[in-house]
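Below is one structure, written out as structure tokens, with a few remarks after it.
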Amino acid sequence: MKKIINLFLITILLLLTCSASTFAQILVPEGNVAFVIASADDKTPTLTNREKVVSDKLKALGYSDITYVGSDKVAKSDLSKARFIIATEKQTMDAATVNSLIESGKGIALLYNAGNVVGGSWESRAIGGRYG
């Protein structure tokens, strides 16, 4: 009985010390672009300069249905119905998540240095003073 009470108390402590985002999951609606962002705030995201440029470009190309997925939630989220997945910043996804998405047949774009996680050399250049 004492072990059960201790286990219960440990569980309560873990729940109290973990943030809500630890358990959060995002379900990307069918046909939306899943944009994995550096920010943990995917409800009203503050995008990095690179993310803003890419988001604006996606919208200009007609991809107006974008679901932002905070990097802290991507591994737990359901991206299976996304049109494709895109990321621009390093460390927004881990290699296991990237490999899993590729193996499941999802289209994934790792721009700028987001691909560092899978190895190799990743570079970007500014075109006309903007990321392009």
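Side notes on the structure shown:
- Verdict on Ala38 being buried (at least 17 other Cβ atoms within 10 Å of the Cβ), among the hydrophobic types (A, V, I, L, M, F, W, C) and over 18 Å from Gln25 (Cβ atoms): yes
- Out of Phe23, Phe35, sole residue that is at pLDDT below 85 and touching a helix residue (DSSP H, G or I) at 6+ places or on another chain (Cβ under 9 Å): Phe23
- Contact annotation: residue pairs with Cβ atoms under 9 Å, 6 or more positions apart or on different chains, pairing a residue in region 85-100 that is in contact (Cβ under 8 Å) with a residue 12 or more places away in the chain with a partner that is among the charged types (D, E, K, R), are Ile85/Lys106; Ala87/Glu51; Thr88/Arg50; Thr88/Glu51; Glu89/Arg50; Glu89/Glu51.
- Filtered residue count, region 57-83, keeping only those that are in a loop (DSSP other than H, G, I, E, B) and among the basic types (Lys, Arg): 3
- Region 87-108 - residue that is hydrophobic (A, V, I, L, M, F, W, C) and over 10 Å from the mean Cα position of the chain (by Cα) and, of those, modelled with the highest pLDDT: Ile108
- Out of Val117, Val98, Val54, sole residue that is over 23 Å from Gln25 (Cα atoms) and assigned to a helix (DSSP H, G or I): Val54
The values are calculated or read from the model by the stated rules, or taken from the named source; none is laboratory data. Just so it is clear, the model here is predicted, and its values are computed rather than measured. Positions of Cβ are backbone-derived with ideal geometry, glycine not excepted, and every protein chain shown enters the neighbour counts.
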